[in-house]
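Just below is one structure, and these are the notes that go with it.
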Amino acid sequence: MGSCNRSCQIWFNSWVCWLEYLILKVSLCSISFISSAFLFCRCGSLLSYSDFRLLACEFFKIVCQRKRPADVAVCEYDAAMSNIFQVLMNISQEFLTKSRMQPMAIDESEYEFGVCICETVVALGSSNMQCILVDGARTSHFLQQMLEYYQHYRIALHFQSLLFWLVALREPSKAKSVARVSGDTSPAGNLGSVGVSSTEKEKKGVSLFITDEIYSTLLDVSFKRMLKKSANSSSSLLELWNEELEGKSDFSNYRTKLLDLIRVIASQRPVIAAANIVQRINVVSGDANQTTKSPQDLDAMVGAQLGLETVVSAIFDGSGDYAKTDHEAKFQIHRTFEGLLQQLLSLKWTEPSLIVIHGHYLDSLGLYLRHYPDVVASVVNKLFELLTSLPITIQGPSNNSRQARLQICSSFIRISRAADKALLPHMKNIADTMAYLQGEGRLLRAEHDHLCEAFLIMASSSGIQQQQEVLAWLLEPLNKTWTQVEWQTAYLSDPSGLTDMFADTQFMWSIYHTVTFFEKALKRSGTKRSTTAPQAAITTTTATGYLHPMSSHLSWILPPLLRLLRCIHALWAEPFAQSLTGEIKAAKSMTISEQASLLGETSKPTKGQVAPADGLLDVQREGESKENNIRNWLRGVRDSGYNLIGLAATLGEAFFRCIDGSSVILALMENVQVMEFRHLRQLMHLAVVPLVKYCPAELWQIWTANLLQPIFVHCQQALDYSWSSLLREGRAKVPDSFGNLSGSELKVEVMEEKLLRDLTREVCSVLWVLALPGLNSGLPSLEQLGPVNRIDSSLKSLESFASSSLTGFLMLNVGTALPALRITVEVFSWTDSEAVTKVIPFCGALIHLAVATNRAELRQFVGNDLFSSIIQGLSVELNAVVSAELIGLCREIYLYLSDKDPAPKQVLLSLSDMKQEDLLAFDDCLSKTASPKEQKQHMRSLLLLATGNKLKALASQKTTNIITNVTTRNRGTVAHHGPSAEEEDRIGLAGLS
């Protein structure tokens, strides 16, 4: 009996080993081997055995991920994939049938196998759909199975199918554009019998086979799955996303994919999408006369609102496609949304949570209003009705009504952006209503400011003159109070005056609202500015005589703001900081929202949602401490003030000529050495970067040099100390105050490291800006500089680049250049690949300057210090993601400087395993090729050889398989810098009055 068991175990182990070997080698196997009958027979049969089916399925999944090769017979490859298709379809159908007929009979192991089968089928359809499309019946069978997976009650199966449908429906195809223009007439049918050639099917893709019923089912399932499992969820067979199992942050990514699928379908079948989303809204809204809803119903209504916004955006996105849609389709779409709008206008909800959803449903139709402006007046009136139906609660145990009122004001903003010129005829009516409500005391300051912001957006669609008139109307009352000498003398003459302001809560918050409104006025007015070539944009603006509508107001807005910021900064300076009351000292610590953000505990707010991201929504509640009010006020005014200065800088000459640069630099830099890391990061991100980016070249000495010197000097010292502490002791030491976090030592360590990395990356972002092509237009490329062995007499002086290259100008200012160069070489030893990514362009600019000029000190720095640091950076495994760029820098340094300076060769010879003959062989290889790609490969090989394969960033890279039918994922090499679209769109609201 024992020998029999041992024999079975040996037999079992041999099969497992064989499958594991196949899985390991399958990506390298030839098509002939994979398509062999023996292999298919053995692996296919193992899918029926519970002990082997997961490994067998894994083998098929890897095969299915291969792309059709160009270097072998296509017919042989397609035949192999067809055989795989038959095997997978059979086993998949068995699972789906059992799952449909006997769902309770499927245990977890079988469910796990079903997920693996689904992943394999998805891989087959995503990578090799052309092998399926040749047969209409086969394609229909496959799509039906993928639809069943999408409808499946288990979320893992549904999610895998979602990935397929995203790939399949995004395929470019003529059929899509035809369908988009002609409405929803489905081209699908029994295509296997209508004479459509296989070549035509491959060309047009899956869309030929997808019926209106499939589109409708996909939408129906997508709308239902917009929810996640919560305490409010009812028990049902449908398995919702569970944050405890799947992760909190991943739900937003999952829902984004759902919305992407909805968007794609709506762009292809607008009539179906419109009808389905309205039907979904009617289902989740239930009885319109019901004044309260359960938390579960509210969640469903929020999900439906996101679906509505996505569908409307896809149909009326302004791309011009809607104008080409035929008359019948337009009529159906218009009738569907008109009916929904009439339902929304007739609702009489009074609960704050329902009013918020009501407002979002209305603003989701903003793009529809752009095309059908006749109903705009009704929508505006309804929004004001919703606003005034909510009581004004300045203080109270609950701020639900106050937040709901702000949400309605934010709906005005979003409709103003989406509806564009459709709101222009109603501006007077809106202004009159605002004035009436304010006169009646029924409009709080924060609400008034957001309605004014909506007004600015409306005016921006009507031209500069209209904007100037609106700004004059909105800013005139603020001018009278903001420029008064009395309050500035009382509160801004010295830092102690600011502490007196904290005792006057109402005035303190009125100052906050004034600063934030100035910020919004700058953000919402004017025309779109270029961010890719700032110098070119400034030159064009000046040459054409364009004057930003806010230009004439900067001269009276900025001086009090600078005094205010200077006083705020002084609260951290000794000895004054010691004289502060305990309440103010405590208020200088982080807000709870800042801590949560550093710890990654905050969920991403939905687009347009009022979220307490700035920590200001919860202030001034009954029982709220004065300490927390001051803390929130300090953060809000500081961030808005920095952003206001940064936005003003984008105006170019109009800003830099209207104010004394020394006053700006004094306000921002006087106490930079006592700033906490979080404040330094915000200062650089919001103010310093735009000031550097948009400063005219003739003002670099006055502005840029004086601005960057204190920043670089302090940051170099602070970062060096904190990074040394982190790398040696395992904990970053930062100056930031976290408040009372007793018993949370680990959290403090996490936040300290996050603060250090954030500041490091922001400092490197400043260096990245210094190397922007638009700010270095006079710096020639290495190709323009000519032969590598060019004689020094043809080189220019560094001074000749001072007016046409910001990097060149910086190198002439020793006090600014030295700390910047220290940061540049030190960042390669810090374990932060994102910071390295940002500093690479600055390194490239330094190399170009060293090659183009006769400055020996710069050449020595690049050839020795920078070259050594880059090689050291390659020893950090995290830098593998930018190893190709670092190798490119090494190539440029050696190729263009080694003949002019001995430093590059000395650096290489100093490496542990480098020999003289290896370097000579390397030089010989370089002399035989002019290809940069081959030269980089030679440099990579040399560095690995010279360091004994100790450069982890290079050694960790997998060698690329030279097989045409194995795909690799491409990696972007340039990180985008600047505000994202989502950041630009976020509406920061403060629940204040």
Odd one out for residue 809 among (1) of a type in the set (A, V, I, L, M, F, W, C); (2) closer than 20 Å to residue 725 by Cα; (3) buried (at least 24 other Cβ atoms within 10 Å of the Cβ): (2)
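Residue-wise test of (1) in a helix (DSSP H, G or I); (2) at pLDDT 95 or above; (3) not aliphatic (A, V, I, L, M).
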| site | (1), (2), (3) |
| --- | --- |
| 216 | yes, yes, yes |
| 230 | no, no, yes |
| 255 | yes, no, yes |
| 273 | yes, yes, no |
Among the residues of segment 758-786, which ones are on the phi < 0 side of the Ramachandran plot and more than 25 Å from the chain's Cα centre (by Cα)? 775, 776, 777, 778, 779, 780, 781, 782, 783, 784, 785
Could you check residue 831 against (1) within 30 Å of the chain's Cα centre (by Cα); (2) surrounded by fewer than 24 Cβ atoms within 10 Å (Cβ to Cβ); (3) in a helix (DSSP H, G or I) and say which number it fails? (3)
Please list, ordered by first then second residue, the pairs with beta carbon atoms under 8 Å, 6 or more apart or interchain, first in segment 261-286 and farther than 15 Å from residue 217 by Cα, second among the hydroxyl-bearing types (Ser, Thr, Tyr) and in a helix (DSSP H, G or I). 281/361
So in segment 682-736, with the set limited to residues that are β-branched (Val, Ile, Thr) and assigned to a helix (DSSP H, G or I), which one is nearest to the chain's Cα centre (by Cα)? 689
Breaking point among (1) in a loop (DSSP other than H, G, I, E, B); (2) at pLDDT below 95, for residue 552: (1)
Need the failing condition index for residue 817 against (1) without any contact (Cβ under 8 Å) to a residue 40 or more places away in the chain; (2) buried (at least 18 other Cβ atoms within 10 Å of the Cβ); (3) not in a helix (DSSP H, G or I), just the number. (3)
Selection status of residue 358, without any contact (Cβ under 8 Å) to a residue 40 or more places away in the chain and buried (at least 22 other Cβ atoms within 10 Å of the Cβ): yes
For segment 667-681, how many residues meet the condition of being in a helix (DSSP H, G or I) and either charged (D, E, K, R) or over 27 Å from residue 594 (Cβ atoms) (or both)? 2
State whether one or more residues within segment 152-168 are more than 22 Å from residue 242 (Cα to Cα), at pLDDT below 90 and surrounded by 19 or more Cβ atoms within 10 Å (Cβ to Cβ). yes
Which ranges mark the helices (runs of 4 or more DSSP H) fully within segment 394-462 that have 1 or more residues being crowded, with 18+ Cβ neighbours inside 10 Å and among the aromatic types (Phe, Trp, Tyr)? 400-419, 445-460
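The values are calculated or read from the model by the stated rules, or taken from the named source; none is laboratory data. Quick caveat: nothing in here was measured; it's all calculated off a predicted structure. No Cβ is skipped: glycine too gets one built from the backbone with ideal geometry, and neighbour counts run over all protein chains shown.
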